[in-house]
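Visitor: Attaching a single structure in structure tokens format; questions to follow.
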Amino acid sequence: MKQLLYILPFLLSAYATSQLVHWQQYVDYTMFVDIDVETHQYKGTQEVIYTNNSPDRIDKVFYHLYFNAFQPGSQMAVRIKSSPDPNGRFRVDLDSLSPNQQGWLVVSDLKQDGKILKPYLSETILEVPLSKALESGESTTLTLNFRGQVPDVIRRAGKNSSEGVAYSMAQWFPKIAQYDYQGWNTAPYLGREFHSVWGNFDVKLRIDSNYTLAATGLLQNPHEIGHGYSDSAKQKIDDGKLTWHFKAEKVLDFTWAADPDYIHDTYQGENDVTLRFFYKDNPEIIQNWKKLQPLTAKMLSYFNEHLGQYPYKEYNVVQGGDGGMEYSMLTLITGNRPFGSLVGVTCHELAHSWFQHHLATNEMKHEWMDEGFTVYISTLAMNDVFATEKSDFPLSRSYQSYFALVDSGVEEPQSTDANRYEYNFAYERTAYSKGSVFLSQLGHIIGPKKLAESLKQYVSDFGFKHPFPDDFRRVVERVSGIHLQWYLTDWTQTIKTIDYKIDEVVDGGSQTYVKLERMGQMPMPLDVLVSFSDGSQQIHYIPIPLMRGEKENHYGSKFILEKDWPWAYPDYTFIVNRPKDEIVSVDLNPTKLVADINPDNNTYQKI
């Protein structure tokens, strides 16, 4: 009993710490917005009920005003010009924008529970001292009016895209910043990543009646709208405009797109999820967008099986914006592209529904947990659903891209803030490719079955909780029984590389000595494949002590557990109990899952 009483405070402390880290602030938005399609300006009202679930006293809040970045002289404009390799997705010089091409967002009459507030504007961030501080567990109501101008499509959002889509409305409204145990997340918008608060949205959008509109959430008044939402709608038109009413629960943002020439198709997905497709009435793309629909349903099923159930009842694939970009219950994607590209980008953005919109890691700090994990699972999904011939190594492009990053000499640690990468090339390769390799290589360390189990457990444990890297690590450790702090640290917080080589294969009579050398600074367990002249094979598995465990044999060949190879020792020798002349080859990276930067010294071949 004394021992239990001694341990109990520590258990309670650990539980309290877990709850402290993963509490979530909450916001309920109610907005009414009127859009003027002649001036491309809009005005609206907003009410936010903000709930402080943190243990802290809050005396101010912050809003993001993203559209203010789309102006000459903005931080984003300066960063684009100062970067040694500007982001290729910015095809417009912000400093050359005319007044009607620019974006802006202005807030007025901001109140807390009816009392006027005096905010401070810093370009894309609005700092708002509260009239009454918000204690832990309390809620308050914030109201404001806002006016905005839609910029030309420059990055993700705007008007009149290159494919003729009228409006791609992302990051368009005053949006409460995220507050977590690390404090307020108030980074300026430079065209990169986001971090948001979950909440409920009740949004009414008033726009000319000839526009078809796609949006986050579920349409509440299809009987008044038509436009593919209802076949028997009696449109309720006021001064030539329709009011579209959407509601969305527990989402990170609210995004919409509109165009007079949208075709709107629906396709039923698994678990009664309605898939909606909005694309231009263009004969050159219609066939591809029709073919996309059943494949999207298959991809939804794939992700449901491998990650867990999609948490909403609708998903929209919408032509608009630039490239492809994920939003809550909706993706914007350019539509006039080859069919394989259309499917591939849709697959990637749909996968974000789990790794961003269900989990929502802080993309500014850990963008690799979003983009990299999404590349990993969407690549496997494409190989399963779309490929006519299945690849044994579908993630090879991620590895080659990572190797190019290492060779470039401009790599920075994955823990670098998304806005702080000096080279855009380094950011892209680190977030997407190196992040994808992180998961693939983890499958080598713990085994593919344990990795698959870990991903599902991770989504289950941390849905709607904004997880951190250590959260993922601890899930995998519990599932696999293998310690992984060394892996998370070396791979994400340094730019150390993996490089092992077969130094020598020595004849020992009835035995053969295989001598290996560690050339790189990052340790890694090895699966060494030895092939013999009689057609048989052996896997010699060499763990490292940092793992404090071993993976299970997932090969069909004989699996021989060798002694650990401590990182401090650069050399290692193991014995093959067969004569050297019976050995045809030795390969220390047979699956290619280890991101060894010099594969040329990984094999021995009998001459």
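The values are calculated or read from the model by the stated rules, or taken from the named source; none is laboratory data. Predicted model, so just to flag it, every value in this text is computed and none were measured. A quick note on method: Cβ atoms are made from the backbone with ideal geometry, for glycine too, and the neighbour counts reach across all protein chains shown. Calculation scope for accessible area: heavy atoms of the full protein, side chains included, ligands and nucleic acids excluded. Shrake-Rupley method; radii C 1.70, N 1.55, O 1.52, S 1.80 Å.
Visitor: I'd like the full set of residues that are assigned to a loop (DSSP other than H, G, I, E, B) and of a type in the set (Phe, Trp, Tyr), limited to region 534-556.
Guide: 555
Let's see how each residue does on (1) farther than 16 Å from residue 455 by Cβ; (2) touching a Leu at 6+ places or on another chain (Cβ under 8 Å):
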| residue | (1), (2) |
| --- | --- |
| 345 | yes, no |
| 348 | yes, no |
| 354 | no, yes |
| 359 | no, no |
| 365 | yes, no |
| 378 | no, yes |
| 382 | yes, no |
| 386 | yes, yes |
| 390 | yes, no |
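Visitor: In addition: Kindly indicate the residue of region 366-391 that is among the hydroxyl-bearing types (Ser, Thr, Tyr) and crowded, with 16+ Cβ neighbours inside 10 Å and also farthest from the chain's Cα centre (by Cα) among those meeting that condition.
Guide: The initial filter retains those residues of region 366-391 that are among the hydroxyl-bearing types (Ser, Thr, Tyr), namely 374, 376, 378-379, 388, 391.
Retained after the next criterion (residues that are crowded, with 16+ Cβ neighbours inside 10 Å): 374, 376, 378-379.
On the way: 374: 6, 376: 11, 378: 11, 379: 14 Å.
Selected residue: 379.
Visitor: Continuing with the same structure: List the number of the failed condition for residue 56; all other conditions in (1) in a loop (DSSP other than H, G, I, E, B); (2) open to solvent by 60 Å² or more (accessible area, probe 1.4 Å); (3) out of contact with any Pro (no Cβ under 7 Å at 6 or more places or on another chain) hold.
Guide: It is condition (2) that residue 56 fails.
This table checks each residue for (1) closer than 23 Å to residue 324 by Cβ; (2) outside any loop (DSSP other than H, G, I, E, B); (3) out of contact with any Pro (no Cβ under 6 Å at 6 or more places or on another chain); (4) open to solvent by 70 Å² or more (accessible area, probe 1.4 Å).
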residue	(1), (2), (3), (4)
60	no, yes, no, no
63	no, yes, no, no
78	no, yes, yes, yes
85	yes, no, yes, no
92	yes, no, yes, no
99	no, no, yes, yes
107	no, yes, no, no
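Per-residue answers, yes or no, for (1) touching a residue at least 60 places away in the same chain (Cβ under 8 Å); (2) buried (at least 22 other Cβ atoms within 10 Å of the Cβ); (3) hydrophobic (A, V, I, L, M, F, W, C):
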site	(1), (2), (3)
435	yes, yes, no
456	yes, no, no
464	yes, no, yes
474	no, no, no
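Visitor: Which number in (1) under 26 Å from residue 25 (Cα atoms); (2) not in a strand (DSSP E or B) marks the one condition that residue 161 misses?
Guide: (1)
Visitor: Quick check on region 174-190. Is at least one of its residues in a loop (DSSP other than H, G, I, E, B) and on the phi > 0 side of the Ramachandran plot?
Guide: Within region 174-190, none of the residues are in a loop (DSSP other than H, G, I, E, B) and on the phi > 0 side of the Ramachandran plot.
Visitor: Give region 444-456 a look and list any residue that's among the small types (Gly, Ala, Ser) and touching a Lys or Arg at 6+ places or on another chain (Cβ under 8 Å), or say none.
Guide: 447
Visitor: Additional query: Only one of 247, 241, 234 is open to solvent by 40 Å² or more (accessible area, probe 1.4 Å) and within 30 Å of residue 64 (Cα to Cα). Can you tell me which?
Guide: On inspection, the qualifying residue turns out to be 247.
Visitor: Of everything in region 573-607 that's in a loop (DSSP other than H, G, I, E, B) and open to solvent by 70 Å² or more (accessible area, probe 1.4 Å), which residue is farthest from residue 396 (Cα to Cα)?
Guide: 577
Visitor: Looking only at region 35-53, count how many residues are in a strand (DSSP E or B) and surrounded by fewer than 19 Cβ atoms within 10 Å (Cβ to Cβ).
Guide: Qualifying residue count for the region: 7.
Visitor: Does residue 345 meet the test of being aliphatic (A, V, I, L, M) and either at pLDDT below 95 or open to solvent by less than 10 Å² (accessible area, probe 1.4 Å) (or both)?
Guide: no
Visitor: May I pose another question? Consider region 135-145. How many of its residues are assigned to a strand (DSSP E or B) and either open to solvent by 20 Å² or more (accessible area, probe 1.4 Å) or at pLDDT below 95 (or both)?
Guide: The number of residues fulfilling the criteria is 4.
Visitor: Among the residues in region 48-57, are any modelled with pLDDT of 95 or more and closer than 20 Å to residue 162 by Cα?
Guide: Within region 48-57, none of the residues are modelled with pLDDT of 95 or more and closer than 20 Å to residue 162 by Cα.
Visitor: Evaluate the following for residue 121: is it under 27 Å from residue 364 (Cα atoms), open to solvent by 50 Å² or more (accessible area, probe 1.4 Å) and either in contact (Cβ under 8 Å) with a residue 24 or more places away in the chain or not hydrophobic (A, V, I, L, M, F, W, C) (or both)?
Guide: In short, yes.
Visitor: Filtering region 278-296 down to residues that are over 26 Å from the mean Cα position of the chain (by Cα) and not in a helix (DSSP H, G or I), which residue is nearest to residue 352 (Cα to Cα)?
Guide: So the residue we want is 280.
Visitor: On the given criteria, is residue 234 part of a strand (DSSP E or B), out of contact with any helix residue (DSSP H, G or I) (no Cβ under 6 Å at 6 or more places or on another chain), more than 24 Å from residue 166 (Cα to Cα) and of a type in the set (Lys, Arg)?
Guide: no
Visitor: Can you give me the number of residues within region 264-281 that are open to solvent by 40 Å² or more (accessible area, probe 1.4 Å) and in contact with a Phe, Trp or Tyr (Cβ under 9 Å, 6 or more places away or on another chain)?
Guide: Residues in region 264-281 being open to solvent by 40 Å² or more (accessible area, probe 1.4 Å) and in contact with a Phe, Trp or Tyr (Cβ under 9 Å, 6 or more places away or on another chain): 5 in total.
Visitor: For region 568-603, name all the residues that are of a type in the set (A, V, I, L, M, F, W, C) and in contact (Cβ under 8 Å) with a residue 60 or more places away in the chain.
Guide: Hits for region 568-603 are 574, 575, 576, 583, 586, 588, 593, 594, 595, 597.
Visitor: Another question, if that's okay. Return yes or no: is residue 31 closer than 19 Å to residue 245 by Cβ, open to solvent by less than 10 Å² (accessible area, probe 1.4 Å) and not in a loop (DSSP other than H, G, I, E, B)?
Guide: Criteria met by residue 31.
Visitor: Select from region 297-332 the residues that are among the polar types (S, T, N, Q), under 18 Å from the mean Cα position of the chain (by Cα) and open to solvent by less than 20 Å² (accessible area, probe 1.4 Å) and list them in ascending order.
Guide: To start, the set of residues in region 297-332 that are among the polar types (S, T, N, Q) comprises 301, 304, 309, 316, 319, 328, 331.
Then drop every residue that is not under 18 Å from the mean Cα position of the chain (by Cα), which leaves 304, 309, 316, 328, 331.
Across region 297-332, the qualifying residues are 304, 316, 328, 331.
Visitor: If you go through region 350-361 one residue at a time, do you hit one that is part of a helix (DSSP H, G or I) and open to solvent by 10 Å² or more (accessible area, probe 1.4 Å)?
Guide: No, that holds for no residue.
Visitor: Could you tell me which residue of region 392-411 is farthest from residue 380 (Cα to Cα), considering only residues that are open to solvent by 40 Å² or more (accessible area, probe 1.4 Å) and among the charged types (D, E, K, R)?
Guide: 407
Visitor: Identify all residues within region 250-263 that are within 14 Å of residue 278 (Cβ to Cβ) and either assigned to a loop (DSSP other than H, G, I, E, B) or open to solvent by 10 Å² or more (accessible area, probe 1.4 Å) (or both); write none if there are none.
Guide: 255, 260, 261, 262, 263
Visitor: Quick check on region 124-134: of everything there that is surrounded by 13 or more Cβ atoms within 10 Å (Cβ to Cβ) and farther than 26 Å from residue 192 by Cβ, which residue is farthest from the chain's Cα centre (by Cα)?
Guide: Here the answer is 131.
Visitor: Please count how many residues of region 557-572 are outside any loop (DSSP other than H, G, I, E, B) and either surrounded by fewer than 15 Cβ atoms within 10 Å (Cβ to Cβ) or acidic (Asp, Glu) (or both).
Guide: The total comes to 3.
Visitor: Take region 333-342 and flag every residue that is touching a Phe, Trp or Tyr at 6+ places or on another chain (Cβ under 8 Å) and open to solvent by 10 Å² or more (accessible area, probe 1.4 Å). First the steps, then the outcome.
Guide: Our first condition is that a residue be touching a Phe, Trp or Tyr at 6+ places or on another chain (Cβ under 8 Å); within region 333-342, this holds for 335, 340, 342.
Within region 333-342, just 340 meets the criteria.
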